[in-house]
Each structure stands twice: as structure tokens, then as C-alpha cells.
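Data first, discussion second: the structure below is written as C-alpha cells.
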Amino acid sequence: MSADLDLRKLRYFVAVAEELNFGRAAEALMIAQPVLSRQIRAFEAELGVQLFVRDTRGTELTESGRLLYREAETLLASASAVRRRVAVAARGESEFTVGFMPGLMVTEAVRAYQRTHPALTINVMRTSWEDQVRVLHDGRADVSYLRRPFTATGLATELLFSEPRVVMLPADHDLAAAASVRMGELATEHLLQNPAAVPEWADIAAEMRRSRTQSRPVSRTVEEKLELVAVGSGIAILPLSTARFYRRSDVAFVPVSDLPPTDVLLGWDDGRRSRLIDDFVATARGATRAG
């Protein structure tokens, strides 16, 4: 593979790999389809491999294409992070951004950090399951409060605390007033989130053994999950702090006694060496102990 990888062509490749359709990818990139096709052919020639197979059935990735697609996100994120850091340095600005997952309060740590770094502009950024790690790799956040599960490759982390997990139920659910429940009591319910976020679910859930052709609602944000819980479309399993933060009268939360606690960690890019990051880690550690 060429040492001087063309990042523009790599972005074009990722767009086609995500869509598996040159027309839709060209539309998303806002370029003409013939131009995109020429760029992909040129990229394949530069790399000396075929990335896509196009036939009457559509467009598919080759084995080489699948390998590059797995690596592309990290490559593009690293390039994006470098551009952001260079731009900040060129402007002479001094900024620090803290990411955090829903339900987590970072106020005390940010306040304490601001007191010891008064000249620093501190920003906060709400993240999600999909981007809580990505914001570190692409440079949008300097540090981020993370919830498991996540892929820790390329990250340095510090465990801050652990907390119980609870099930979110409609207020009129038979189990809504229970002191606690066990996972087995929830086996016939529909989980309104990616099962990967609750690995224990796969062992007991009846819906995991049903046909994949069945269409059931799945939501991305906490707000969406709670709306669907409230109308009886399913359940969600969340950390206790998130349940308390998003408390509402038409949704109840009940501890799940046989689920292990979930961890909250502070993460940052392992390749970065920064006094500001070191200082924030120490500040977050102290704020967690005080809390």
C-alpha cells in the first residue's frame, strides 16, 4: 500500500463502502457519479488492489476493501485530530474540551479545573454510545467521560466509579413498584437499545431467539428510549445516574439485582502527551472522591 495515502480518495472510498451504491455516495459527497467512479478507480490503481466488485446485484467490498474500511475510520480520525490541533495552535488559542455521556455530571470537575487554569477556555460536549470514543480519536474532545462497553484501542483510561444498572419500565407495568427485579423476569420484554450495550441480555431474551425479520423499535438517544418505554413499546436498561437525571412520572426505574455494576471511566487519546490532560485527570479523580 502506498505510503502517501490520499485522504480525499480515502473519504470517497468510505462513502461508497457505507452506501454500497455509487449514486447515493456521490450524492452524499455532492460530486458527480462519474467523477466518484474515476476517483475510486484511481485509488485502486494507487493501492494496487481491487476494493469493490460491481455487478448486476450491486456493489460489494472485496476482502481488501473490507480490511481498508476497518482501518479507514482510525486513519481519518487521526488526520482530523491533527488538523484541529494545528488550527488551534495557529490561532494561539488555549481551549480544552470535556466530553460526557448522558446522565453524567461533570460540573464539579470542570469548575475545579477552571479555578486552577483561569486562562483556559473550557468547553463541554455531550456524547453518545456511537461517538463517545470517536470524539477523542478525531480531536473534538481532549478528555471524555466514558461508559462501558466501548473499544479501548488507542485510549488511555482511568476508572472513576461504578454504579448499579436499572430497568426503565412504564409506570403502569406489573414490575414498576418492585424493590428489584432479576433479568429472567424481563426475558419476554423488548429491549429498546442495541443488545451489545447490555451483553447479559443475549443469554435470557426470548426476542434474541426469534426471526430477525421481525421489526421492533430500537432507539439511539435516552430521550427516544424513554418515550418508547412510556408508551409500552419496550424497556431500557440504564445506569442509575442516567435514570435519575431523566426522571419522569410516566416511567419507573427498578434495580436489576443480578446485573453487575457498570463502570464510568475518564478516557483520552493514548498518543497524546499533554500537561493539561494530566491536570484534568488529577482534578477528575479528586472531584470523584469528594462526590
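The values are calculated or read from the model by the stated rules, or taken from the named source; none is laboratory data. Predicted model only: the values in this text are computed from it and were never measured. We place every Cβ from the backbone using ideal geometry, glycine too, and count neighbours over all the protein chains shown. To get the accessible areas, we keep the full protein, side chains included, count just its heavy atoms, and leave off ligands, DNA and RNA. Shrake-Rupley method; radii C 1.70, N 1.55, O 1.52, S 1.80 Å.
Quick look at the numbers
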{"quantity": "Residue satisfying all of: in the range 6-24; touching a Phe, Trp or Tyr at 6+ places or on another chain (Cβ under 9 Å) and either farther than 17 Å from Glu73 by Cα or assigned to a loop (DSSP other than H, G, I, E, B) (or both); most open to solvent (accessible area, probe 1.4 Å) among these", "calculated": "Leu20"}
{"quantity": "Given (1) closer than 18 Å to Glu189 by Cα; (2) touching a residue at least 24 places away in the same chain (Cβ under 8 Å), index of the condition Thr262 fails", "calculated": "(1)"}
{"quantity": "Within the range 185-203, tally of residues that are open to solvent by 30 Å² or more (accessible area, probe 1.4 Å) and touching a residue at least 24 places away in the same chain (Cβ under 8 Å)", "calculated": "5"}
{"quantity": "Strands (runs of 3 or more DSSP E) wholly inside the range 186-291 containing at least 2 residues that are farther than 23 Å from Val106 by Cβ", "calculated": "251-255"}
{"quantity": "Selection from the range 257-291 of residues that are in contact with a helix residue (DSSP H, G or I) (Cβ under 6 Å, 6 or more places away or on another chain) and open to solvent by 20 Å² or more (accessible area, probe 1.4 Å)", "calculated": "Asp258, Trp268, Asp269, Thr283, Ala287"}
{"quantity": "Residue among Glu46, Glu27 that is over 28 Å from Thr153 (Cα atoms), assigned to a helix (DSSP H, G or I) and in contact (Cβ under 8 Å) with a residue 24 or more places away in the chain", "calculated": "Glu46"}
{"quantity": "Only listed residue being farther than 24 Å from Val133 by Cα and in a helix (DSSP H, G or I), chosen from Arg38, Arg66, Arg54", "calculated": "Arg38"}
